[in-house]
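Worksheet for the structure shown next.
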Number of protein chains: 2
Amino acid sequence: MDEIDWSILTQLQENSRQTMIELGKKVGLTSPSVTERVRRLEDQGVIKKYGALVAPEKLNKRVTAFILMEPKDCMKYVQFTKEQPDIVECHRIAGMYSYLTKVVTESVHTLEDHINACLEYGKPTTLIVLSSPVEQKAITPSVNE
Amino acid sequence: MDEIDWSILTQLQENSRQTMIELGKKVGLTSPSVTERVRRLEDQGVIKKYGALVAPEKLNKRVTAFILMEPKDCMKYVQFTKEQPDIVECHRIAGMYSYLTKVVTESVHTLEDHINACLEYGKPTTLIVLSSPVEQKAITPSVNE
DNA sequence: GATATTATGGATGAAATCGACTGGAGTATT
DNA sequence: AATACTCCAGTCGATTTCATCCATAATATC
């Protein structure tokens, strides 16, 4: 992991669909060299996957919410989150509550359905997202490296 | 937006670095047709960007946390979240608190520094992430479409 | 049935990939 | 300390694969 690798990572977080030639120009290498470095970053698991970021509101998903949960049975709740298509993230947390779950759904109606479904597993506290001033910032190197 | 577009979206959320030929085989179209559909999805803003998902723990970022904030001055706090490199998401929320912010940082020490920095803007409540059973599920069509 | 939209096929240009080669850093040998 | 050896990362050039463009065909719409 040198600063060229960081430069590659930053670039790919911003745009994963760019040619190795473009990427090479930005980081000062030829395309085979960049390809080799990217391959190593993938093998090391530094790059986990390449994905497309979509706009939920253009796909009839107009409500995003975070749900804080205190489930009675953690295993069953985790299973539930994996099966629910509207749940896009689920984090086990320390502090107040045990889980923080992100839901992207059609409307407040479907959100209510979702919350009702949650009630079987515990006590949900719902935080509806109004806007997202910071959506997906790239991970950058810490100052000392 | 027909089911072929949805199929394309699902595929690209899973892997944005695949050739239009591969994608075409999966959705039953030739590569120029797929390219045209992808171009339209991009133009419509359905696809916002293509990114690489990285593993923070392999980049010396071993602590992830969500911070619930009740800032005194919202504008100043939003500005702060945009400038802080460790903040990767920030959502304005309804319900308890006004903001939910995601932080990816080196250690509990740097998290503490971050929390101290937050104190200038309001009262932070920190939820440290222990694990993420669901990391980044793809957005899929609602049942009625 | 006319028209607009979307898909296909083939040709062209660009990018990815592979192998051979080069240069430099580090290490061992004398 | 100088020389030679090894290893690693990069470059270059050739080949294969892919993206793009355009003309044409198929499909859907009214």
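Key figures
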| quantity | calculated |
| --- | --- |
| FRET efficiency for A:K123 and A:E57, using Cβ-Cβ distance with R0 set to 41 Å, rounded to 0.05 | 0.90 |
| Per-residue mean of C-beta atoms belonging to partner chains within 10 Å, peptide A:2-14 | 2 |
| For the range A:107-118, 3J(HN,Hα) per residue [Karplus equation, 6.51 cos²θ - 1.76 cosθ + 1.60, θ = phi - 60°, Hz, x = Gly/Pro] | 7, 5, 5, 5, 5, 4, 4, 4, 4, 4, 5, 5 |
| Cα-based shape type of the range B:3-43, given that a ≥ b ≥ c are square roots of the gyration tensor eigenvalues and the cut on a/c is 1.5 | rounded |
| Closest Cβ on chain B to the rotation axis that carries it onto A (distance rounded to whole Å) | B:S16, 3 |
| Of A:K72/A:K123; A:K25/B:K82; A:K61/B:K48; A:K102/B:K76; A:K49/B:K48, pairs whose Cα-Cα distance is over 20 Å | A:K25/B:K82; A:K102/B:K76 |
| Tensor-based shape of the protein assembly as shown (alpha-carbon gyration tensor, a/c under 1.5 rounded, otherwise prolate or oblate) | oblate |
| Inter-copy spacing of A:R39 label points, which lie 7 Å from Cα along Cα→Cβ, given in nm from shortest upward | 3.2 |
| At 7 Å out from Cα toward Cβ: B:S132 inter-copy label distances (nm, ascending) | 1.2 |
| Rounded accessible area per residue of chain B, 1.4 Å, Å² | 48 Å² |
| The range B:1-80: GluC sites (Glu not before Pro) in DSSP coil with no more than 15 other Cβ atoms inside 10 Å | none |
| Residues losing 50 Å² or more accessible surface upon assembly, the range B:29-49, compared with the chain by itself, 1.4 Å | B:V46, B:K48, B:K49 |
| Cβ-vector label at 7 Å, A:R62, separations to other copies in nm | 4.6 |
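The values are calculated or read from the model by the stated rules, or taken from the named source; none is laboratory data. All of these numbers come straight from a predicted model, not from anything done at the bench. Don't worry about glycine lacking a Cβ; one is built from the backbone with ideal geometry, like all the others, and counts go over all protein chains shown. Keep in mind that these areas ignore ligands, DNA and RNA; they rest on the heavy atoms of the full protein, side chains included. Shrake-Rupley method; radii C 1.70, N 1.55, O 1.52, S 1.80 Å.
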